1. Taking region 83-113 on its own, how many of its residues are over 17 Å from LEU193 (Cα atoms) and touching a Leu at 6+ places or on another chain (Cβ under 6 Å)?
2. THR103: among the hydroxyl-bearing types (Ser, Thr, Tyr), free of Cβ contacts under 8 Å to residues at least 12 places away in the same chain and open to solvent by 60 Å² or more (accessible area, probe 1.4 Å), yes or no?
3. Looking at ALA116, ALA124, ALA86, which is the one that is crowded, with 16+ Cβ neighbours inside 10 Å, of a type in the set (Gly, Ala, Ser), closer than 17 Å to ARG183 by Cα and out of contact with any Ser or Thr (no Cβ under 8 Å at 6 or more places or on another chain)?
4. So, in region 165-178, exactly how many residues are without any contact (Cβ under 8 Å) to a residue 40 or more places away in the chain and part of a loop (DSSP other than H, G, I, E, B)?
5. Test each condition in (1) aliphatic (A, V, I, L, M); (2) surrounded by 14 or more Cβ atoms within 10 Å (Cβ to Cβ); (3) over 23 Å from the mean Cα position of the chain (by Cα); (4) in a loop (DSSP other than H, G, I, E, B) for ALA73 and report the one that comes out false.
6. Please find, within region 136-164, the residue that is surrounded by the most Cβ atoms within 10 Å (Cβ to Cβ) out of those that are part of a helix (DSSP H, G or I) and touching a helix residue (DSSP H, G or I) at 6+ places or on another chain (Cβ under 6 Å).
7. Testing PRO82 on (1) within 25 Å of ALA51 (Cα to Cα); (2) without any contact (Cβ under 8 Å) to a residue 40 or more places away in the chain; (3) touching a strand residue (DSSP E or B) at 6+ places or on another chain (Cβ under 9 Å), one condition comes back false. Which one is that?
Amino acid sequence: MTDPVRSCILTRERASPAALIRLALAPDGRVLPDVRAKAPGRGAWIGVTRAELDTAIAKGKLRGQLARTLRDADIIIPDDLPALIAAALERNALDRLGLESRTGTLLTGSDRIETAARSGKLHALYHAADAREDGCRKLAQAWRVGSDAEGSDLRGLALPVDRTILSLALGRENVVHIGVNDRAAAGRLSEALDRWLHFIGPDLTPAPCATAAQGASAPGSAPARPAVTTDEDIE
């Protein structure tokens, strides 16, 4: 069975629901983020950045497209909708990190990550926003060696949260670096993290160690592209 795609109501670009953000219509008429796409009732999809959403709200474009898509002219768009979306995406990404930690697919501690990296068992590498650059470089070099990618720019991704937040999310102490030793887990994490980072935009994403695409997986792996079976704005 192939996965469906949805269209962003603002740009008309099509993508997997996992790459977009669902906005759900609450019973009181408010439009709220439904990042896990589980809320009942009517909804619409967006795939823009926070800055683009701010512009669409200011110009009335979001209201017009939502009213048309949801067939409701009396919708209420909260003043803090962009902030609500950013917070929901962050919570979703951190929850995914915590879930993968509990299933044993994450490594913490520089020595453990370096060993996995050099043995070719590392599929993704992430760092706290306050990680030291020399520590990031050391692990990146080990990853390139283990991946036969020496001379490339393969390296980890600095996340826009510090070690305190990552430690709370994983339920561990002093989490500065995170390695992923399972390919499927790396894909699930990349999906949640990429959506969050795309929305908040580069200005809010620290990058002393890498860019988002480089943190997703080892060389040679690429996210699956869903086949088109449906093309819906509303669900």
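1. Summing the residues that are over 17 Å from LEU193 (Cα atoms) and touching a Leu at 6+ places or on another chain (Cβ under 6 Å) in region 83-113 gives 1.
2. No: the conditions fail for THR103.
3. ALA116
4. Looking only at that region, the number is 2.
5. Tallying (1) aliphatic (A, V, I, L, M); (2) surrounded by 14 or more Cβ atoms within 10 Å (Cβ to Cβ); (3) over 23 Å from the mean Cα position of the chain (by Cα); (4) in a loop (DSSP other than H, G, I, E, B), ALA73 fails exactly one: (2).
6. TRP143
7. Result: PRO82 passes all but (3).
The values are calculated or read from the model by the stated rules, or taken from the named source; none is laboratory data. These numbers come from a predicted model, not from an experiment. Here the Cβ is made from the backbone with ideal geometry for all residues, glycine too, and neighbour counts use every protein chain on show. With ligands, DNA and RNA removed, areas are computed over all heavy atoms of the protein, side chains included. Shrake-Rupley method; radii C 1.70, N 1.55, O 1.52, S 1.80 Å.
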